[in-house]
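Trainee: If you scroll down you'll find the structure; I have some questions about it.
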Amino acid sequence: MKFIETIKNIWKIEELRNRLLTTFLFVLIYRFGSYVVLPGIDPTALTALRAQTAGGLMALLDMFSGGAFSNASIFALGIMPYISASIIVQLLTIAVPYFQKMQQDGESGRQRMNQITRYLTVAILILQGPSYLVNLSVQMHAVGAPLVIGWNWFTISSTIILCAGSMFVMWLGERITDRGIGNGISFIILIGIIARFPGALIQEFSSRLNDAGGGLVVFLLEVVILLFVFAVAIMLVQGTRKIPVQYAKRMVGNRQYGGVRQYIPLKVNAANVMPIIFAQAIMFVPLMIAGFTTDGSSAFARAFSNNDGFWYNLVFFLLIIAFTYFYTAIIINPQQMAENLKQNNGFIPGVKPGKKTAEYIDTIMSRITLPGSIFLAIVAILPAFARLAGVSMGFAQFFGGTSLLIMVGVILDTLQQIESHLLMRHYDGFFDNGFKIKGRSGAMAY
């Protein structure tokens, strides 16, 4: 079989084998830490916390942490504080000249921005740690195991442990990027999502099996729809619009260069899954303002803590569209693309080089970003429609939203990395028919 032969070829490449084994080791450490409960917490008294994270926005937060949130583990705060810090720093690159200069300083500027992001992550963790402990106290009190929360030694030590746990998870992600298969932070999130899938699938199957009204047929239909949505998400991640570029002829010595036509691939969804992650981080803010409490301190907090509600999904939808334009503007610079074409004697047929070319590229990007952003937002809110159709909360999260697109994007990136190693050493890739896997960057593996 082709798949078995590919696995054998992967194992033959020492560098690839070592990277995969290193990634597997780091994943094991992460999953083990997700079950290490905070010192002083009785694991048997966490039933109320697990019930709280079985639905609503808390379920999504627990999914991102791979179940560590509901386990009151040392990794309970997960990687989301780091993502929130990254969002803030990226926003500052738009508004603050100091950060704009750092962004233009190349590798040294990137390193300084990463360091600022880490410091900001610690600050966010120091704020979120006590909030998590307050919620933990409320949930344990509900089952008759009160946990007194104040500025005592337990609160201080547990906050330090939670901060250290999240920073360690971030470090694991960076090590996976450097020594593993790559995309470490995204891979950490992927592992947390996949860890919940088997349990959600079994739960949905069991509930449908007990349904006397053709429950098994409904379950099979749900699986078919899930596979269809998965295929749509792949097309959304990989879709491109190509702009033809003609390179003028030029002579260097006795050799002729140029005179050929190539294409600039512009992705329909250039921002990939980042707008959903940005928007999701913003939607967690009401939860933090409410202090993770269950009493529903305000109608606003209640409305935006219900991820099946109308107002939550409407704001989520609009935020995704806005962040898609924002992130696309950050990563794609039409002016720079026009300058690069001009310097290489390239031009778009029928368009003047320079400013007109930049305006043309910007117009094309605007046209393809709007439908791309709307389609991305629709996929993001599909779990709410799945819930309305009677799908269980855990299984509905895989019908769209952040979880599905992160899974698709990271899996495609990982497969592209593996296929690049195989093809570089003259082994066959995953497919025989010449099909090449494209990751979220849009680049093809050769």
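Any read-out appearing in this document is the output of simple, stated calculations on the displayed coordinates, not a laboratory observation. These numbers were taken from a predicted model, which means no experiment stands behind them. With ideal geometry, Cβ positions are generated from the backbone for all residues, glycine too; neighbour counts draw on all protein chains shown.
Trainee: Got a sec to turn the phi values of region 33-47 into Karplus ³J(HN,Hα) couplings, 6.51 cos²θ - 1.76 cosθ + 1.60 with θ = phi - 60°, whole Hz, x for Gly and Pro?
Mentor: x, 5, 10, 8, 6, 4, x, x, 9, 7, x, 6, 9, 9, 4
Trainee: Give, in nm to one decimal, the length gained when the segment between Gln111 and Phe197 is fully stretched (0.36 nm per residue of separation minus the Cα-Cα distance).
Mentor: Working: separation 86, 0.36 × 86 = 30.96 nm, distance 3.56 nm.
Length gained between Gln111 and Phe197: 27.4 nm.
Trainee: In the structure displayed, which of Lys267/Lys352; Lys101/Lys352; Lys8/Lys267; Lys12/Lys242; Lys267/Lys355; Lys12/Lys267 lie more than 26 Å apart, Cα to Cα?
Mentor: Details: Lys267/Lys352 23 Å; Lys101/Lys352 30 Å; Lys8/Lys267 34 Å; Lys12/Lys242 37 Å; Lys267/Lys355 22 Å; Lys12/Lys267 35 Å.
Going by Cα-Cα distance, Lys101/Lys352; Lys8/Lys267; Lys12/Lys242; Lys12/Lys267 fall outside the 26 Å limit.
Trainee: Which is farthest toward the positive dipole end of region 1-49 among Ser34, Trp11, Leu46, measuring Cα position about the Cα centre, with Cβ charges +1 (Lys, Arg) and -1 (Asp, Glu)?
Mentor: Trp11
Trainee: Can you give the Rg/Rh ratio of region 164-214, where Rg is from the C-alpha atoms and Rh is the Kirkwood radius? Don't jump to the answer; show the numbers that get you there.
Mentor: Working: Rg = 17.2 Å, Rh = 13.0 Å.
In region 164-214, Rg relative to Rh is 1.32.
Trainee: Under 5 Å between amide hydrogens, which residues at least 5 positions from Leu266 or on another chain qualify, with H placed 1.01 Å from N in the peptide plane?
Mentor: Arg241, Lys242, Ile243
Trainee: Listed highest first by mean packing, meaning other Cβ atoms within 10 Å per residue, what order do 184-190, 362-368, 68-74 come in? Provide the component values of the computation, followed by the final result.
Mentor: Numbers: 184-190: 23.4, 362-368: 15.6, 68-74: 25.0.
Order by mean packing, descending: 68-74, 184-190, 362-368.
Trainee: Let's test the formula: R0 of 25 Å, r as the Cβ-Cβ distance of Asn340 and Tyr263. What FRET efficiency results, to the nearest 0.05? Could the numbers behind the result be given before it?
Mentor: Working: r = 15 Å, r/R0 = 0.58.
With a Förster radius of 25 Å, E is 0.95.
Trainee: May I pose another question? Stretch Asp211-Leu127 to full length: gain in nm at 0.36 nm per residue minus the Cα-Cα span? Write out the running numbers ahead of the final one.
Mentor: Working: separation 84, 0.36 × 84 = 30.24 nm, distance 4.50 nm.
Length gained between Asp211 and Leu127: 25.7 nm.
Trainee: A further question follows. Grab the Cα-Cα distance for Ile29 and Ile7, subtract it from 0.36 nm times how many residues apart they are, and report the gain in nm with one decimal. Show your work: numbers first, answer last.
Mentor: Numbers: separation 22, 0.36 × 22 = 7.92 nm, distance 2.41 nm.
Length difference between fully extended and current span is 5.5 nm.
Trainee: To continue, here is another question. Ignoring solvent entirely, what values of log10 I(q)/I(0) come out of the Debye formula for region 62-186 at 0.09, 0.13, 0.17 Å⁻¹ when each Cα is a single scatterer?
Mentor: -0.32, -0.61, -0.91
Trainee: Could you give each residue of region 377-393 its phi-based ³J(HN,Hα) in whole Hz, using Karplus coefficients 6.51, -1.76, 1.60 with θ = phi - 60°, and x for Gly or Pro?
Mentor: 5, 5, 4, 5, 9, 4, x, 5, 5, 5, 5, 5, 7, x, 6, 5, 4
Trainee: Going by the alpha-carbon gyration tensor, a ≥ b ≥ c the square roots of its eigenvalues, is region 87-126 rounded (a/c under 1.5) or, if a/c is not under 1.5, prolate (a/b greater than b/c) versus oblate?
Mentor: Oblate shape, in that a/c is at least 1.5 and b/c is the bigger or equal ratio.
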